[in-house]
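Here the structure is laid out as C-alpha coordinates; the discussion comes afterwards.
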Amino acid sequence: MPITARSYLGLLVLGLGTLVGPLDSSVNIAFPYITGAFGVPLEDIRWVIVSYVLTYSSLMLVFGKLGDLFGHRLIFTAGLLVSAITFVLCATATEFGWLLAFRVAQGISASLVLSCGPAIATSLFPEQYRSRVLGIYLMMFGIGGVLGPSIGGMMVAVWDWPAVFWFRVPISVLALLFVFILPKPSRQRDAEPFDTFGAALLAIAVSALLLTVTQLQHAGETPLLFAILVVLTGSAAWLYMRRSRNQNSPVIRMRIFRDVPFAVFNLAGIAVNLTGFAILLLVPYYLSEVSGFSVGLGGFVLALSAIATMLASPAGGWLIGRFAANRMAFAGIALVGLSSIFVGLWDDTPRIWAMSAPLILSGLGIGLFQVSYMSTVTGTLPVSERGVAGSLALLTRTIGVVCSASFLTWAFSAFSTHHAASGMNTNASFLAAFQSTFIAVGTCLLVFLFVTCVRPSIWFGRQTEGTET
(Lines give C-alpha, C1' and ligand atoms only; values in the text may rest on other atoms or scores of the structure.)
Protein backbone atom coordinates (compact mmCIF):
# COMPACT_ATOMS: atom_id res chain seq x y z
CA MET A 1 0.00 0.00 0.00
CA PRO A 2 1.73 3.22 -1.15
CA ILE A 3 1.64 6.47 0.81
CA THR A 4 -0.05 9.21 -1.23
CA ALA A 5 -1.20 12.78 -0.74
CA ARG A 6 -4.66 11.33 -0.11
CA SER A 7 -3.27 9.48 2.92
CA TYR A 8 -2.19 12.73 4.56
CA LEU A 9 -5.40 14.53 3.56
CA GLY A 10 -7.43 11.67 5.01
CA LEU A 11 -5.53 11.91 8.28
CA LEU A 12 -6.24 15.66 8.34
CA VAL A 13 -9.98 15.08 7.79
CA LEU A 14 -10.02 12.37 10.45
CA GLY A 15 -8.21 14.62 12.91
CA LEU A 16 -10.61 17.48 12.25
CA GLY A 17 -13.65 15.28 12.82
CA THR A 18 -12.09 13.68 15.90
CA LEU A 19 -11.62 17.09 17.53
CA VAL A 20 -15.36 17.42 18.21
CA GLY A 21 -14.90 14.81 20.96
CA PRO A 22 -11.97 16.16 23.04
CA LEU A 23 -13.19 19.73 22.53
CA ASP A 24 -16.07 18.82 24.84
CA SER A 25 -13.71 19.91 27.63
CA SER A 26 -14.96 23.42 26.76
CA VAL A 27 -18.33 22.56 28.35
CA ASN A 28 -16.75 22.56 31.83
CA ILE A 29 -16.05 26.29 31.49
CA ALA A 30 -19.76 26.93 30.90
CA PHE A 31 -20.99 25.10 34.05
CA PRO A 32 -21.69 28.25 36.11
CA TYR A 33 -23.54 29.82 33.17
CA ILE A 34 -25.63 26.68 32.57
CA THR A 35 -26.72 26.40 36.22
CA GLY A 36 -27.56 30.11 36.22
CA ALA A 37 -29.50 29.99 32.95
CA PHE A 38 -31.66 27.03 33.96
CA GLY A 39 -31.87 27.80 37.67
CA VAL A 40 -30.64 24.36 38.78
CA PRO A 41 -28.54 23.61 41.88
CA LEU A 42 -24.80 23.17 41.47
CA GLU A 43 -24.86 19.44 42.24
CA ASP A 44 -27.14 18.78 39.25
CA ILE A 45 -24.50 19.97 36.77
CA ARG A 46 -22.75 16.61 37.06
CA TRP A 47 -25.54 15.08 34.97
CA VAL A 48 -24.40 17.18 32.02
CA ILE A 49 -21.18 15.14 32.10
CA VAL A 50 -22.60 11.81 33.28
CA SER A 51 -25.32 11.65 30.59
CA TYR A 52 -22.68 12.24 27.90
CA VAL A 53 -19.87 10.05 29.20
CA LEU A 54 -22.03 7.05 30.11
CA THR A 55 -23.66 7.06 26.68
CA TYR A 56 -20.55 7.20 24.54
CA SER A 57 -18.66 4.76 26.79
CA SER A 58 -21.37 2.11 26.75
CA LEU A 59 -21.66 2.21 22.95
CA MET A 60 -17.98 2.48 21.99
CA LEU A 61 -17.32 -1.23 21.49
CA VAL A 62 -20.68 -1.74 19.79
CA PHE A 63 -20.03 0.93 17.17
CA GLY A 64 -16.46 -0.30 16.73
CA LYS A 65 -17.86 -3.72 15.85
CA LEU A 66 -20.41 -2.20 13.46
CA GLY A 67 -17.55 -0.38 11.77
CA ASP A 68 -15.66 -3.66 11.36
CA LEU A 69 -18.74 -5.22 9.75
CA PHE A 70 -20.12 -2.40 7.60
CA GLY A 71 -17.23 0.01 7.07
CA HIS A 72 -15.48 2.41 9.40
CA ARG A 73 -16.08 5.45 7.20
CA LEU A 74 -19.82 4.81 7.29
CA ILE A 75 -19.90 4.90 11.10
CA PHE A 76 -17.59 7.93 11.24
CA THR A 77 -19.74 9.83 8.72
CA ALA A 78 -22.90 9.05 10.66
CA GLY A 79 -21.19 10.36 13.79
CA LEU A 80 -20.25 13.67 12.16
CA LEU A 81 -23.79 14.17 10.88
CA VAL A 82 -25.38 13.38 14.25
CA SER A 83 -22.76 15.57 15.99
CA ALA A 84 -23.68 18.63 13.93
CA ILE A 85 -27.37 18.09 14.70
CA THR A 86 -26.90 17.46 18.43
CA PHE A 87 -24.65 20.50 18.87
CA VAL A 88 -27.46 22.66 17.47
CA LEU A 89 -30.01 20.94 19.72
CA CYS A 90 -27.87 21.40 22.85
CA ALA A 91 -27.25 25.07 22.02
CA THR A 92 -30.96 25.76 21.57
CA ALA A 93 -32.23 23.77 24.59
CA THR A 94 -34.79 25.75 26.57
CA GLU A 95 -35.04 23.43 29.59
CA PHE A 96 -32.42 21.58 31.60
CA GLY A 97 -34.16 18.25 31.00
CA TRP A 98 -33.96 18.78 27.25
CA LEU A 99 -30.29 19.67 27.52
CA LEU A 100 -29.61 16.36 29.27
CA ALA A 101 -31.58 14.46 26.62
CA PHE A 102 -29.59 16.14 23.85
CA ARG A 103 -26.36 15.38 25.72
CA VAL A 104 -27.31 11.70 25.55
CA ALA A 105 -27.74 12.11 21.79
CA GLN A 106 -24.39 13.89 21.67
CA GLY A 107 -22.86 10.92 23.49
CA ILE A 108 -24.14 8.65 20.72
CA SER A 109 -22.56 10.89 18.09
CA ALA A 110 -19.22 11.01 19.96
CA SER A 111 -19.17 7.23 20.18
CA LEU A 112 -19.82 6.95 16.44
CA VAL A 113 -17.00 9.37 15.64
CA LEU A 114 -14.39 8.06 18.08
CA SER A 115 -15.01 4.30 17.90
CA CYS A 116 -13.67 3.92 14.36
CA GLY A 117 -11.04 6.67 14.46
CA PRO A 118 -8.00 4.44 15.16
CA ALA A 119 -9.14 1.93 12.52
CA ILE A 120 -9.49 4.64 9.87
CA ALA A 121 -6.15 6.21 10.81
CA THR A 122 -4.26 2.94 10.46
CA SER A 123 -6.02 2.09 7.18
CA LEU A 124 -4.62 5.22 5.53
CA PHE A 125 -0.98 4.10 5.75
CA PRO A 126 0.97 0.83 5.45
CA GLU A 127 0.88 -1.35 8.56
CA GLN A 128 4.52 -0.69 9.41
CA TYR A 129 3.57 2.95 10.07
CA ARG A 130 0.74 2.02 12.45
CA SER A 131 2.32 3.31 15.66
CA ARG A 132 3.39 6.62 14.11
CA VAL A 133 -0.11 7.20 12.74
CA LEU A 134 -1.69 6.31 16.08
CA GLY A 135 0.65 8.78 17.78
CA ILE A 136 -0.58 11.56 15.49
CA TYR A 137 -4.19 10.47 16.03
CA LEU A 138 -3.80 10.56 19.81
CA MET A 139 -2.20 14.00 19.52
CA MET A 140 -5.66 15.30 18.54
CA PHE A 141 -6.93 14.48 22.03
CA GLY A 142 -4.11 16.55 23.52
CA ILE A 143 -4.89 19.43 21.18
CA GLY A 144 -8.55 19.28 22.17
CA GLY A 145 -7.60 19.21 25.84
CA VAL A 146 -5.47 22.33 25.43
CA LEU A 147 -7.80 24.30 23.16
CA GLY A 148 -11.17 23.32 24.67
CA PRO A 149 -11.07 25.35 27.90
CA SER A 150 -9.39 28.40 26.31
CA ILE A 151 -11.71 28.57 23.30
CA GLY A 152 -14.72 27.78 25.49
CA GLY A 153 -13.81 30.54 27.93
CA MET A 154 -13.53 33.15 25.19
CA MET A 155 -16.75 32.01 23.52
CA VAL A 156 -18.79 31.95 26.73
CA ALA A 157 -17.56 35.42 27.71
CA VAL A 158 -19.02 36.83 24.49
CA TRP A 159 -21.96 34.58 23.57
CA ASP A 160 -22.90 32.80 26.84
CA TRP A 161 -23.05 29.02 27.42
CA PRO A 162 -24.59 27.91 24.05
CA ALA A 163 -21.33 28.99 22.38
CA VAL A 164 -19.51 25.85 23.63
CA PHE A 165 -21.82 23.85 21.36
CA TRP A 166 -22.21 26.30 18.47
CA PHE A 167 -18.49 26.59 17.70
CA ARG A 168 -18.22 22.84 17.03
CA VAL A 169 -20.98 22.79 14.40
CA PRO A 170 -18.78 24.16 11.57
CA ILE A 171 -16.00 21.73 12.55
CA SER A 172 -18.37 18.78 12.12
CA VAL A 173 -19.76 20.14 8.87
CA LEU A 174 -16.31 20.85 7.41
CA ALA A 175 -15.10 17.33 8.20
CA LEU A 176 -18.35 15.95 6.77
CA LEU A 177 -17.82 17.79 3.46
CA PHE A 178 -14.44 16.12 2.97
CA VAL A 179 -15.20 12.70 4.41
CA PHE A 180 -15.16 11.23 0.87
CA ILE A 181 -11.35 11.37 1.06
CA LEU A 182 -11.36 8.56 3.63
CA PRO A 183 -11.24 4.90 2.49
CA LYS A 184 -14.54 3.66 1.11
CA PRO A 185 -16.67 1.60 3.51
CA SER A 186 -16.94 -2.06 2.64
CA ARG A 187 -18.77 -4.86 4.34
CA GLN A 188 -16.72 -7.87 5.35
CA ARG A 189 -17.23 -10.79 3.02
CA ASP A 190 -19.15 -13.65 4.57
CA ALA A 191 -19.48 -11.63 7.78
CA GLU A 192 -21.58 -13.10 10.55
CA PRO A 193 -24.83 -11.27 11.44
CA PHE A 194 -24.45 -8.54 14.05
CA ASP A 195 -25.28 -9.85 17.53
CA THR A 196 -27.81 -7.23 18.59
CA PHE A 197 -28.75 -8.90 21.87
CA GLY A 198 -25.11 -9.41 22.83
CA ALA A 199 -24.38 -5.76 21.99
CA ALA A 200 -27.24 -4.67 24.26
CA LEU A 201 -25.91 -6.81 27.12
CA LEU A 202 -22.43 -5.36 26.70
CA ALA A 203 -23.74 -1.78 26.60
CA ILE A 204 -25.76 -2.40 29.78
CA ALA A 205 -22.74 -3.96 31.52
CA VAL A 206 -20.43 -1.04 30.69
CA SER A 207 -22.93 1.70 31.58
CA ALA A 208 -23.95 -0.08 34.80
CA LEU A 209 -20.28 -0.50 35.75
CA LEU A 210 -19.60 3.21 35.30
CA LEU A 211 -22.75 4.14 37.22
CA THR A 212 -21.66 1.80 40.02
CA VAL A 213 -18.29 3.56 40.18
CA THR A 214 -19.89 7.01 40.28
CA GLN A 215 -22.22 5.92 43.11
CA LEU A 216 -19.52 4.19 45.17
CA GLN A 217 -18.94 7.10 47.53
CA HIS A 218 -22.71 7.40 48.09
CA ALA A 219 -23.23 3.67 48.69
CA GLY A 220 -23.98 4.23 52.38
CA GLU A 221 -26.66 6.82 51.58
CA THR A 222 -28.43 4.74 48.91
CA PRO A 223 -27.50 1.10 49.63
CA LEU A 224 -30.43 -0.36 47.67
CA LEU A 225 -29.58 1.58 44.50
CA PHE A 226 -25.92 0.63 44.82
CA ALA A 227 -26.79 -3.05 45.31
CA ILE A 228 -29.05 -2.98 42.25
CA LEU A 229 -26.26 -1.47 40.14
CA VAL A 230 -23.75 -4.08 41.33
CA VAL A 231 -26.16 -6.93 40.52
CA LEU A 232 -27.02 -5.39 37.15
CA THR A 233 -23.35 -5.00 36.24
CA GLY A 234 -22.46 -8.54 37.24
CA SER A 235 -25.52 -10.11 35.61
CA ALA A 236 -25.14 -8.29 32.29
CA ALA A 237 -21.40 -9.04 32.16
CA TRP A 238 -21.95 -12.73 32.97
CA LEU A 239 -24.74 -13.07 30.39
CA TYR A 240 -22.61 -11.39 27.74
CA MET A 241 -19.59 -13.62 28.43
CA ARG A 242 -21.79 -16.70 28.31
CA ARG A 243 -23.43 -15.59 25.06
CA SER A 244 -20.16 -14.54 23.41
CA ARG A 245 -18.79 -18.06 23.78
CA ASN A 246 -21.58 -19.31 21.50
CA GLN A 247 -21.24 -16.58 18.87
CA ASN A 248 -18.96 -16.81 15.85
CA SER A 249 -18.63 -13.02 15.76
CA PRO A 250 -19.36 -11.43 19.16
CA VAL A 251 -18.84 -7.72 19.72
CA ILE A 252 -15.56 -8.50 21.51
CA ARG A 253 -14.03 -11.92 22.14
CA MET A 254 -13.53 -12.18 25.88
CA ARG A 255 -10.98 -14.97 25.54
CA ILE A 256 -8.36 -12.41 24.48
CA PHE A 257 -8.19 -11.33 28.12
CA ARG A 258 -6.90 -14.79 29.06
CA ASP A 259 -3.56 -13.62 27.71
CA VAL A 260 -1.92 -12.25 30.86
CA PRO A 261 0.23 -9.50 29.25
CA PHE A 262 -2.76 -8.24 27.25
CA ALA A 263 -4.98 -8.22 30.35
CA VAL A 264 -2.29 -6.37 32.34
CA PHE A 265 -1.95 -3.76 29.58
CA ASN A 266 -5.66 -3.04 29.77
CA LEU A 267 -5.59 -2.78 33.57
CA ALA A 268 -2.62 -0.44 33.20
CA GLY A 269 -4.67 1.69 30.80
CA ILE A 270 -7.27 2.20 33.50
CA ALA A 271 -4.68 2.78 36.25
CA VAL A 272 -2.63 5.34 34.29
CA ASN A 273 -5.68 7.40 33.36
CA LEU A 274 -7.00 7.19 36.93
CA THR A 275 -3.72 8.60 38.21
CA GLY A 276 -3.16 11.12 35.42
CA PHE A 277 -6.63 12.64 35.65
CA ALA A 278 -5.91 13.66 39.25
CA ILE A 279 -4.11 16.69 37.84
CA LEU A 280 -7.21 18.01 36.05
CA LEU A 281 -9.36 17.05 39.02
CA LEU A 282 -7.45 18.50 41.99
CA VAL A 283 -4.67 20.83 40.79
CA PRO A 284 -7.16 23.59 39.80
CA TYR A 285 -8.22 23.79 43.47
CA TYR A 286 -4.58 24.02 44.57
CA LEU A 287 -3.98 26.82 42.07
CA SER A 288 -7.04 28.65 43.37
CA GLU A 289 -6.63 28.05 47.10
CA VAL A 290 -2.87 27.91 47.69
CA SER A 291 -0.70 29.10 44.81
CA GLY A 292 -1.64 32.77 44.71
CA PHE A 293 -1.11 32.72 40.93
CA SER A 294 -3.24 34.84 38.62
CA VAL A 295 -5.95 33.05 36.66
CA GLY A 296 -3.92 33.34 33.47
CA LEU A 297 -0.72 31.96 35.00
CA GLY A 298 -2.65 29.19 36.75
CA GLY A 299 -4.30 28.19 33.47
CA PHE A 300 -0.90 28.05 31.76
CA VAL A 301 0.56 25.85 34.51
CA LEU A 302 -2.43 23.50 34.34
CA ALA A 303 -2.13 23.25 30.54
CA LEU A 304 1.49 22.08 30.73
CA SER A 305 0.50 18.45 31.27
CA ALA A 306 -1.86 18.42 28.26
CA ILE A 307 0.77 20.16 26.10
CA ALA A 308 3.35 17.53 27.08
CA THR A 309 0.90 14.73 26.24
CA MET A 310 0.16 16.35 22.89
CA LEU A 311 3.87 16.39 22.03
CA ALA A 312 4.73 12.98 23.51
CA SER A 313 2.07 11.03 21.57
CA PRO A 314 3.52 11.52 18.05
CA ALA A 315 7.08 11.29 19.41
CA GLY A 316 6.22 7.98 21.08
CA GLY A 317 4.65 6.67 17.89
CA TRP A 318 7.85 7.46 16.01
CA LEU A 319 10.02 5.80 18.68
CA ILE A 320 8.07 2.51 18.67
CA GLY A 321 9.97 0.17 16.42
CA ARG A 322 13.22 1.50 17.81
CA PHE A 323 12.06 0.70 21.34
CA ALA A 324 9.52 -2.05 22.06
CA ALA A 325 6.03 -0.80 22.90
CA ASN A 326 5.90 -2.69 26.20
CA ARG A 327 9.15 -1.11 27.42
CA MET A 328 7.96 2.36 26.45
CA ALA A 329 4.68 1.68 28.27
CA PHE A 330 6.68 0.71 31.38
CA ALA A 331 8.58 4.00 31.21
CA GLY A 332 5.33 5.92 30.75
CA ILE A 333 3.71 4.30 33.80
CA ALA A 334 6.78 4.98 35.93
CA LEU A 335 6.80 8.66 34.88
CA VAL A 336 3.11 9.09 35.74
CA GLY A 337 3.51 7.44 39.14
CA LEU A 338 6.65 9.36 40.11
CA SER A 339 5.29 12.69 38.90
CA SER A 340 2.16 12.19 40.98
CA ILE A 341 4.33 11.73 44.09
CA PHE A 342 6.29 14.88 43.18
CA VAL A 343 3.00 16.83 42.92
CA GLY A 344 2.22 15.53 46.41
CA LEU A 345 5.36 17.30 47.65
CA TRP A 346 4.07 20.77 46.74
CA ASP A 347 3.85 23.03 49.79
CA ASP A 348 2.20 26.34 50.61
CA THR A 349 5.00 28.37 48.99
CA PRO A 350 4.84 27.08 45.41
CA ARG A 351 7.58 27.84 42.92
CA ILE A 352 6.56 27.73 39.31
CA TRP A 353 9.51 25.62 38.16
CA ALA A 354 8.90 23.06 40.91
CA MET A 355 5.24 22.84 39.87
CA SER A 356 5.90 22.74 36.13
CA ALA A 357 8.39 19.86 36.14
CA PRO A 358 6.10 17.11 37.52
CA LEU A 359 3.18 18.29 35.38
CA ILE A 360 5.31 18.04 32.25
CA LEU A 361 6.65 14.63 33.32
CA SER A 362 3.11 13.38 33.91
CA GLY A 363 2.01 14.56 30.46
CA LEU A 364 5.02 12.91 28.83
CA GLY A 365 4.33 9.67 30.66
CA ILE A 366 0.66 9.63 29.66
CA GLY A 367 1.52 10.37 26.03
CA LEU A 368 4.15 7.62 25.83
CA PHE A 369 1.92 5.09 27.55
CA GLN A 370 -1.18 5.82 25.47
CA VAL A 371 0.49 5.36 22.11
CA SER A 372 2.30 2.22 23.33
CA TYR A 373 -0.92 0.79 24.71
CA MET A 374 -3.00 1.55 21.61
CA SER A 375 -0.28 0.15 19.36
CA THR A 376 -0.24 -3.05 21.40
CA VAL A 377 -4.02 -3.46 21.41
CA THR A 378 -4.42 -2.79 17.68
CA GLY A 379 -1.49 -5.12 16.99
CA THR A 380 -2.88 -7.93 19.13
CA LEU A 381 -6.38 -8.12 17.65
CA PRO A 382 -6.79 -9.07 13.97
CA VAL A 383 -6.95 -6.26 11.40
CA SER A 384 -10.56 -7.32 10.74
CA GLU A 385 -11.34 -6.27 14.34
CA ARG A 386 -9.44 -2.99 14.27
CA GLY A 387 -12.60 -1.00 15.10
CA VAL A 388 -13.12 -3.05 18.28
CA ALA A 389 -9.41 -2.75 19.18
CA GLY A 390 -9.40 1.03 18.89
CA SER A 391 -12.66 1.28 20.82
CA LEU A 392 -11.26 -0.88 23.63
CA ALA A 393 -8.23 1.39 23.97
CA LEU A 394 -10.43 4.47 24.21
CA LEU A 395 -12.87 2.76 26.60
CA THR A 396 -10.20 1.91 29.20
CA ARG A 397 -9.20 5.57 29.10
CA THR A 398 -12.76 6.63 29.94
CA ILE A 399 -13.10 4.03 32.70
CA GLY A 400 -9.90 5.35 34.26
CA VAL A 401 -11.16 8.94 34.20
CA VAL A 402 -14.52 7.98 35.74
CA CYS A 403 -12.77 5.95 38.44
CA SER A 404 -10.50 8.91 39.15
CA ALA A 405 -13.42 11.31 39.52
CA SER A 406 -15.09 8.94 41.97
CA PHE A 407 -12.23 7.40 43.96
CA LEU A 408 -10.00 10.45 44.24
CA THR A 409 -12.74 12.85 45.30
CA TRP A 410 -13.67 10.29 47.96
CA ALA A 411 -10.02 9.90 49.02
CA PHE A 412 -9.48 13.67 49.11
CA SER A 413 -12.61 14.14 51.21
CA ALA A 414 -11.56 11.38 53.62
CA PHE A 415 -8.04 12.79 54.02
CA SER A 416 -9.41 16.31 54.49
CA THR A 417 -11.80 15.15 57.22
CA HIS A 418 -9.02 13.22 58.95
CA HIS A 419 -6.60 16.15 58.94
CA ALA A 420 -9.30 18.61 60.07
CA ALA A 421 -10.16 16.29 62.96
CA SER A 422 -6.52 16.36 64.04
CA GLY A 423 -6.80 20.10 64.65
CA MET A 424 -5.62 21.61 61.37
CA ASN A 425 -7.30 24.74 60.07
CA THR A 426 -9.13 24.77 56.72
CA ASN A 427 -6.14 25.80 54.59
CA ALA A 428 -3.75 23.40 56.27
CA SER A 429 -6.15 20.46 56.06
CA PHE A 430 -6.76 21.20 52.36
CA LEU A 431 -3.02 21.19 51.59
CA ALA A 432 -2.42 18.04 53.66
CA ALA A 433 -5.31 16.23 51.93
CA PHE A 434 -4.02 17.35 48.52
CA GLN A 435 -0.54 16.02 49.32
CA SER A 436 -1.84 12.75 50.78
CA THR A 437 -4.09 12.05 47.78
CA PHE A 438 -1.36 12.54 45.18
CA ILE A 439 1.25 10.58 47.11
CA ALA A 440 -1.24 7.74 47.66
CA VAL A 441 -2.38 7.47 44.06
CA GLY A 442 1.18 7.74 42.71
CA THR A 443 2.40 5.09 45.15
CA CYS A 444 -0.48 2.76 44.19
CA LEU A 445 0.44 3.04 40.50
CA LEU A 446 4.10 2.24 41.22
CA VAL A 447 3.05 -0.71 43.40
CA PHE A 448 0.91 -1.96 40.50
CA LEU A 449 3.94 -1.69 38.22
CA PHE A 450 6.16 -3.49 40.76
CA VAL A 451 3.66 -6.34 41.23
CA THR A 452 3.33 -6.92 37.50
CA CYS A 453 7.14 -7.13 37.26
CA VAL A 454 6.77 -10.53 38.93
CA ARG A 455 6.33 -11.55 35.30
CA PRO A 456 9.12 -9.49 33.67
CA SER A 457 8.23 -10.59 30.15
CA ILE A 458 5.15 -8.33 30.28
CA TRP A 459 7.30 -5.19 30.19
CA PHE A 460 10.73 -6.38 29.06
CA GLY A 461 10.05 -9.43 26.89
CA ARG A 462 10.35 -9.40 23.13
CA GLN A 463 7.06 -8.42 21.51
CA THR A 464 5.81 -10.11 18.39
CA GLU A 465 2.66 -8.02 18.22
CA GLY A 466 1.96 -4.37 18.84
CA THR A 467 5.37 -3.27 17.55
CA GLU A 468 6.72 -2.33 14.20
CA THR A 469 9.46 -4.13 12.41
(Q) Tell me yes or no: at least one residue of the stretch 344-355 is hydrophobic (A, V, I, L, M, F, W, C), farther than 18 Å from Ala271 by Cα, modelled with pLDDT under 90 and not in a helix (DSSP H, G or I). (A) no
**Q.** All positions within the stretch 282-320 that are within 22 Å of the chain's Cα centre (by Cα) and not in a helix (DSSP H, G or I)
**A.** Ile320
Q: Report whether or not Val336 is assigned to a helix (DSSP H, G or I), within 17 Å of the chain's Cα centre (by Cα) and at pLDDT below 95.
A: no
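For residues that are hydroxyl-bearing (Ser, Thr, Tyr) and more than 22 Å from the chain's Cα centre (by Cα), scanning just the stretch 210-260, find the one that is farthest from Ser404 (Cα to Cα).
Of the stretch 210-260, the ones hydroxyl-bearing (Ser, Thr, Tyr) are 212, 214, 222, 233, 235, 240, 244, 249.
Checking the rest, the ones that are also more than 22 Å from the chain's Cα centre (by Cα) come to 222, 235, 240, 244, 249.
Values: Thr222: 21, Ser235: 24, Tyr240: 26, Ser244: 30, Ser249: 33 Å.
Among those residues, the one meeting the criterion is Ser249.
Conditions tested, residue by residue: (1) without any contact (Cβ under 8 Å) to a residue 40 or more places away in the chain; (2) over 20 Å from Gly107 (Cα atoms).
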site	(1), (2)
Ala5	yes, yes
Leu9	no, yes
Leu16	no, no
Val20	no, no
Ser25	no, no
Phe31	yes, no
Phe38	no, yes
Pro41	yes, yes
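Among residues belonging to the stretch 323-333 that are part of a helix (DSSP H, G or I) and hydrophobic (A, V, I, L, M, F, W, C), point out the one that is modelled with the lowest pLDDT.
Among them, the one singled out is Ala325.
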Q: State all residues of the stretch 4-31 that are under 24 Å from the mean Cα position of the chain (by Cα), over 19 Å from Val173 (Cα atoms) and not small (Gly, Ala, Ser); if no residue qualifies, say none.
A: Val27, Asn28, Ile29, Phe31
**Q.** Single condition Val272 does not satisfy, out of (1) closer than 21 Å to Gly142 by Cα; (2) outside any helix (DSSP H, G or I); (3) β-branched (Val, Ile, Thr)
**A.** (2)
Q.
Of the conditions (1) modelled with pLDDT of 90 or more; (2) surrounded by 24 or more Cβ atoms within 10 Å (Cβ to Cβ); (3) more than 17 Å from the chain's Cα centre (by Cα), Leu74 satisfies every one except a single condition; which number is it?
A. (2)
Q.
Based on this model, can you work out whether Ile45 counts as buried (at least 20 other Cβ atoms within 10 Å of the Cβ), more than 24 Å from Ser391 (Cα to Cα) and out of contact with any Asp or Glu (no Cβ under 7 Å at 6 or more places or on another chain)?
A. no
Q) Mind checking whether some residue in the stretch 215-226 is without any contact (Cβ under 8 Å) to a residue 12 or more places away in the chain, among the β-branched types (Val, Ile, Thr), over 28 Å from Gly67 (Cβ atoms) and in the same structural domain as Ser339 (by TED's automatic domain parsing)? A) no
Q) Listed residues Pro193, Pro185, Pro261, Pro250; which is farther than 27 Å from Tyr373 by Cα and either at pLDDT 85 or above or part of a loop (DSSP other than H, G, I, E, B) (or both)? A) Pro193
**Q.** Close pairs (9 angstrom Cβ cut-off, 6 or more residues apart or separate chains): farther than 17 Å from Gly442 by Cβ in the stretch 345-362, among the aromatic types (Phe, Trp, Tyr) and surrounded by 14 or more Cβ atoms within 10 Å (Cβ to Cβ) anywhere
**A.** Pro350/Tyr286; Pro350/Phe293; Ile352/Phe293
Q. Considering the stretch 133-158 alone, what residues qualify as being modelled with pLDDT of 85 or more and over 18 Å from the mean Cα position of the chain (by Cα)?
A. Val133
Q: Return the only residue of Leu66, Leu23, Leu100, Leu89 being buried (at least 21 other Cβ atoms within 10 Å of the Cβ) and out of contact with any Lys or Arg (no Cβ under 9 Å at 6 or more places or on another chain).
A: Leu66
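The values are calculated or read from the model by the stated rules, or taken from the named source; none is laboratory data. No experiment lies behind these values; they were computed from the predicted model shown. Virtual Cβ from ideal backbone geometry, glycine too; neighbours counted across all protein chains shown.
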